[in-house]
Each structure stands twice: as C-alpha cells, then as structure tokens.
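Structure first, then comments.
The values are calculated or read from the model by the stated rules, or taken from the named source; none is laboratory data. Worth saying up front: this structure is predicted, and the values here are computed from it rather than measured. Neighbour counts run over all protein chains shown; Cβ positions are idealised from the backbone, glycine included. Heavy atoms of the whole protein, side chains included, go into the accessibility calculation; ligands, DNA and RNA do not. Shrake-Rupley method; radii C 1.70, N 1.55, O 1.52, S 1.80 Å.
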Amino acid sequence: MKIISLRHNPKKIEHFIEYFVRHWHADKIYRNCMTALLDSDSVLPQWYLLIDDDKIIGGVGLITNDFISRMDLWPWLCALFIEESCRGKNLGKLLIEHAKKESYRLGFENLYLCTDHTGYYEKFNFEYIGDGFHPWNESSRIYKCST
C-alpha cells in the first residue's frame with residue numbers, strides 16, 4: 001500500500017480527477033484545481049491517492065479553503081474518502097496522518113477541516129473550534145489539530 005501525490009505523479013492526473021469527481025462530483029472544480037496546480041509554485045493545493053496493488057482505495061486533499069467562511073485558516077483537509085469495501089481497516093487514519101505530516105513539511109503548524117460528522121475526527125486529535133458558514137447558507141463544524 002502506498003500514498004502518491006499528484007505533484008510527484010503529474011502523468012496520473014486523470015486518475016486523480018476521476019477518483020475525486022466520482023466520489024465528490026464537481027468535475028469542473030477538481031479538473032481546474034488539479035490542472036492548475038501542476039504549473040503553480042504555490043504549496044497548496046496538494047492531492048493524494050492511497051493505492052493498493054494499482055487499485056485506488058482512498059484519497060484526500062489539502063487546500064486553502066473548503067468553501068467555508070473562515071478564510072483566515074488554512075490548510076484544510078478535504079475530500080477524505082475510503083472505498084466502502086476497504087473501510088474498518090484504519091485507512092482513513094493513514095491518509096489523515098499523511099496529510100498532517102505533509103502540512104508540517106510544508107510549514108504549517110495546524111490543519112483544519114469542516115464537517116457535519118461528530119466523533120470521527122476527534123479520534124485523530126482534531127478539536128472542535130466552532131462553526132463556519134458555506135456560500136449555500138449551511139453551516140459546518142470546524143476542527144483544528146496540530147501538525
């Protein structure tokens with residue numbers, strides 16, 4: 001099992017785009033974001049895939065903002081997904097820990113996320129810090145952890 005980065009594997013861009021679009025939809029957003037990052041000097045965004053025997057079984061991203069009102073906070077862990085057939089094996093933890101290490105390597109002291117889930121991210125030392133608001137007039141819980 002290995003985690004690969006889009007920045008280090010630019011020829012696999014269509015695999016990255018297809019995976020995230022399949023699970024999170026928003027084709028134009030993912031395509032534009034991932035294509036643009038290949039020509040960018042910015043440290044964010046970052047996209048990672050979890051691979052097992054050449055099969056993609058999970059993914060996660062690090063971005064500057066997750067469509068949330070707290071634009072003073074970054075980076076944001078986003079689009080975490082583990083294939084249903086692979087759940088229950090701590091693979092989400094593997095991707096979260098990788099995102100934390102990468103955030104630290106990139107010079108960030110904290111990592112944030114927004115979610116409606118309670119009880120999951122707390123297991124990985126994320127602490128609830130308040131609510132944020134989305135452009136579509138919904139709110140989400142905001143969490144923070146040290147990298």
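Add +1 for every Lys or Arg and -1 for every Asp or Glu among the other residues with Cβ under 11 Å from the Cβ of Trp47, and state the total.
Working: positive: Arg7, Lys12; negative: Glu102.
Result for the local shell: +1.
By how many nm would the segment from Lys12 to Glu127 grow when fully extended, if each residue of separation counts as 0.36 nm and the alpha-carbon distance is taken off?
Extra length from Lys12 to Glu127 when fully extended: 38.0 nm.
Could you give the accessible area per residue of segment 9-84, probe 1.4 Å, as a whole number in Å²?
For segment 9-84, the per-residue accessible area is 54 Å².
Leaving ligands, DNA and RNA out of it, report the carbon-plus-sulfur percent of the accessible area of the chain at a 1.4 Å probe.
49
Take the alpha carbon gyration tensor of segment 35-79, find the square roots of its eigenvalues, order them as a ≥ b ≥ c, and report rounded if a/c is under 1.5; if not, report prolate when a/b exceeds b/c, else oblate.
It comes out oblate by the Cα gyration axes.
In the structure shown, do any of Lys11/Lys89; Lys89/Lys144; Lys2/Lys93; Lys55/Lys89; Lys2/Lys28; Lys12/Lys144 have a Cα-Cα gap over 21 Å, and if so which?
Distance filter (> 21 Å) returns Lys11/Lys89; Lys89/Lys144; Lys2/Lys28; Lys12/Lys144.
Please compute the per residue accessible area over segment 96-146 with all protein chains in place, 1.4 Å probe, rounded to a whole number of Å².
Computed with neighbouring chains in place, this is 61 Å² per residue.
State, as an integer percentage, the relative contact order of the chain based on alpha-carbon contacts under 8 Å between residues 6 or more apart.
With pairs under 8 Å counted, the relative contact order is 18 percent.
Let me understand segment 82-142 better: what is its radius of gyration from the alpha carbons, and its Dmax, in angstrom?
For segment 82-142, the Cα radius of gyration and maximum Cα-Cα distance read 13.3, 35 Å.
For segment 112-141, which GluC sites (Glu not before Pro) are in a loop by DSSP, counting at most 10 other Cβ atoms within 10 Å?
Answer by residue number: Glu138.
Could you pull out every one of the aspartates and glutamates with an alpha carbon less than 18 Å from that of Lys123, ignoring same-chain neighbours closer than 8 positions?
Leaving aside aspartates and glutamates fewer than 8 places away in the same chain, those within reach of Lys123 are Glu97.
In whole Hz, what ³J(HN,Hα) sequence does segment 138-147 give by Karplus (6.51, -1.76, 1.60; θ = phi - 60°), x for Gly and Pro?
Coupling constants for segment 138-147: 10, 10, 9, 6, 10, 10, 9, 9, 7, 8 Hz.
In a Gaussian network model over the chain where Cα atoms closer than 10 Å are linked, find which of Cys78, Cys114, Cys86 has the largest mean-square fluctuation.
In the Gaussian network model the winner is Cys86.
Ignoring ligands and nucleic acids, what accessible area does Asp53 show with a 1.4 Å probe (Å², nearest 10)?
140
Ordering Thr35, Thr118 by how much accessible area each has at a 1.4 Å probe, largest first, what is the list?
Thr118, Thr35
Using alpha carbons only, how many angstrom separate the centre of segment 1-53 from the centre of segment 94-147?
20
For segment 44-107, what's the relative contact order in percent, using C-alpha pairs closer than 8 Å and at least 6 residues apart?
28
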